[in-house]
Structure formats: C-alpha cells, structure tokens
C-alpha cells in the first residue's frame, strides 16, 4: 500500500507529540480560568468550557463512554502496531495522531469528569487541539484509503 520515508513519518509523529503537549498545557491554562482571550475579535476565543458530552456536544457521556473510548483506543493501538509492522509508516502515524488526541481527552474525562475545551468558535462549537488531531488523523486516513482503493 502506501509506504513513506522515515523522515516524513518522524516529522508527523514529532508534530503530533508537540501538539498534544501544547494541548495539555493549554488545558491547564484554560481550567485555571486565568486566561480568556479574544484571538480573532469575539469570533474566535481562548475560553474554558467543560464538555461532559462527546464531539460537538452530542449528549453521550458517563462511565460507559469512558469504557467505550478506552476500547476504541485499544483497537486503534492494535491497528497502529499492525500498520507499523507492515512498514505502513505514514498510515501508522495518522493512526497515532488519533490515539494521542483520544488519550488526551480521555485523561480529562478520568481526572475531571469532562473534557477541557478552550478554542471557542462563535456560532459553531468549542474544541481543543486534541480534537483537531483526531479529526485531521481521520480525514487523512480516509483520504489515503480512498486514494489507494481507486488504484
């Protein structure tokens, strides 16, 4: 399937780890309630919001959700190991992006009972960098699987 060079894959992995570290740092700032900043007028703000639900505030939460997410993370880890062993380095790095984002958010759920969101996009949603990593990882996987299934 899709084989990538090691430098490209290493760059993606280092970038994902950097963004998760940044996410954890920004979550600490957000939950301290010390910082609420307009980034782009009042349209885009850095602002703490506790999210007890799942993506886009869909009303699913609680202990069952944590167990479900942990189960999904285990499945993703299995997929990551499988792709890595097959030397599908680029695809495995996309799966790792999803895993890291999910772990960051599940750590919030376990510690606080909710996910810390801090990027407030007026008229849409509040999200965090971990959410972005999950969404980008999924989009890249879909793109590359579709691209290769057409061959």
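Please treat every number below as a calculation from the coordinates, not as lab data. Since we're looking at a predicted model, the values are computed, not measured. Neighbour counts are summed over all protein chains in view; Cβ atoms, including those assigned to glycine, are modelled from backbone coordinates with ideal geometry.
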For residue 52 and residue 71 in the same chain, what is the full-extension length gain: residue separation times 0.36 nm, less their Cα-Cα distance, in nm? 5.0 nm
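For residue 107 and residue 32, what does the FRET efficiency come to when R0 = 22 Å and r is the distance between their Cβ atoms, rounded to the nearest 0.05? Each step should come with its number before you reach the end.
Working: r = 17 Å, r/R0 = 0.76.
E(calc), rounded to 0.05, equals 0.85.
For Cα pairs less than 8 Å apart in space and 6+ apart in sequence, what is the mean separation divided by the residue count of the chain, i.e. the relative contact order in percent? Don't skip to the answer; put the middle values down first.
Working: 195 pairs, mean separation 49.2, N = 151.
Once divided by the residue count of the chain, the mean separation gives 33 percent.
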Calculate the spin-label point distance for residue 145 paired with residue 79, positioning each point 7 Å from the Cα along the beta-carbon direction, and give it in nanometres. 0.6 nm
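What list do you get for 138, 37, 49 if you sort them by fewest beta carbons within 10 Å? Before the final figure, lay out each step's value.
Working: 138 15, 37 10, 49 18.
Result, fewest neighbours first: 37, 138, 49.
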Go ahead and set up a Gaussian network model of the chain, Cα springs under 10 Å, then flag whichever of 43, 19, 127 fluctuates most. 43
Provide the gained length on full extension for the span residue 43 to residue 64, in nm with one decimal, where the gain is 0.36 nm per separating residue minus the Cα-Cα distance. 4.1 nm
